[in-house]
Amino acid sequence: MKNTNSKRFKSLLVLSIVFVFSSLNTSAQTSDSSAKPEKEFKNTIRFNITNPLIFGGKSLIFGYERVLKNNKSFSINIGQASLSPFSFVDDSELKAKSILNEGGFHISGDYRIYLSKLNKYNAPRGVYVGPYYSYNTFNKEHSWEFTKDGTGPPQTVDSDLKINIHTVGVELGYQFVFWKRLSVDMILLGPGVAGYKLKADVGGNLSDEDRQLFFDKLNEALKDKFPGYSGTIGNDTGEFQRKGTKSTTSLGYRYMIQIGYRF
């Protein structure tokens, strides 16, 4: 019930943001219609505000967009990716003790076509479509307290988790421009094909049964970290439970909100 309410809240929040920005943008366009032609700013630097909300405050990604001729542009995003801490609520068998090491990296790029028939202004304002590619890698070393069946003596278990995700797809988005300099870029829909590779190493004197139990719980935790994970590899855990590794190709996605400055 808690996850359902959280998803509903996030959906309402996104819809509210879209409504507010749409209202402001309409107002800005009305007031600009009688003004002199504005100076063209072909460059935009921006900050991704979606990743910190999903993956935690250590996920810091910056972007750059350059407008080309004929209402086309390209953009690139690069920065630090990170997973927020794992938590197992009311779990008597596995408890997170500390983070030993963590890191990650993100890079992505897209080519945008701003649809002239739908947009009143030139790029980079309005509706756009285009192809994209993104790469994410995450690494997290954790120390755990593992208690067999919740009643035996606790053991300290260290784990090293690595995740690599390559995604290629097509996106649909809308970019707002306020007061000539401020931009709000929203990628609303970005279906694609993604290659996932997971590898988890576990230390400690665990039996094969306990290792499978550990990997199963880790898989459940990953479902909370990655939107769409349960629909890709989260429900097919046989290989991951046995070996701590999993590679697959499945559906990918892309959506984000970015705040930018034009120059």
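The values are calculated or read from the model by the stated rules, or taken from the named source; none is laboratory data. Here the structure is a predicted model, which is why all the values come from computation and not from measurement. Neighbour counts are summed over all protein chains in view; Cβ atoms, including those assigned to glycine, are modelled from backbone coordinates with ideal geometry. For the accessible areas, the whole protein counts, side chains as well, though only heavy atoms, and no ligand, DNA or RNA atoms are used. Shrake-Rupley method; radii C 1.70, N 1.55, O 1.52, S 1.80 Å.
For segment 106-146, the set of residues classified as surrounded by 16 or more Cβ atoms within 10 Å (Cβ to Cβ) and farther than 30 Å from N70 by Cβ consists of N136, T137, F138, N139, K140, E141, H142, W144, F146, listed by residue number.
Taking the criterion of being aromatic (F, W, Y) and out of contact with any strand residue (DSSP E or B) (no Cβ under 8 Å at 6 or more places or on another chain), the only residue of segment 161-209 that qualifies is W179.
Tell me, yes or no, whether segment 31-43 has at least one residue that is over 20 Å from E102 (Cβ atoms), under 13 Å from the mean Cα position of the chain (by Cα), modelled with pLDDT of 75 or more and exposed (fewer than 15 other Cβ atoms within 10 Å of the Cβ). The answer is no, given that none of the residues of segment 31-43 is over 20 Å from E102 (Cβ atoms), under 13 Å from the mean Cα position of the chain (by Cα), modelled with pLDDT of 75 or more and exposed (fewer than 15 other Cβ atoms within 10 Å of the Cβ). Of the residues making up segment 152-189, those that are at pLDDT below 95 and acidic (D, E) are D158, D160. You will find that of K97, K117, the residue that is of a type in the set (K, R) and part of a strand (DSSP E or B) is K97 and no other. Sub-7 Å Cβ pairs linking a first residue in segment 49-73 that is without any contact (Cβ under 8 Å) to a residue 12 or more places away in the chain to a second residue that is part of a loop (DSSP other than H, G, I, E, B) and open to solvent by less than 30 Å² (accessible area, probe 1.4 Å), at least 6 apart or interchain, are P52/S59, ordered by first then second residue. Among the numbered conditions (1) open to solvent by 80 Å² or more (accessible area, probe 1.4 Å); (2) closer than 25 Å to I165 by Cα; (3) at pLDDT 95 or above, the only one that K58 does not meet is (3).
Screening S73 on (1) open to solvent by less than 80 Å² (accessible area, probe 1.4 Å); (2) modelled with pLDDT under 90; (3) among the small types (G, A, S) shows it passes everything except condition (2). Among all residues of segment 157-176, there is none that is surrounded by fewer than 16 Cβ atoms within 10 Å (Cβ to Cβ) and at positive phi.
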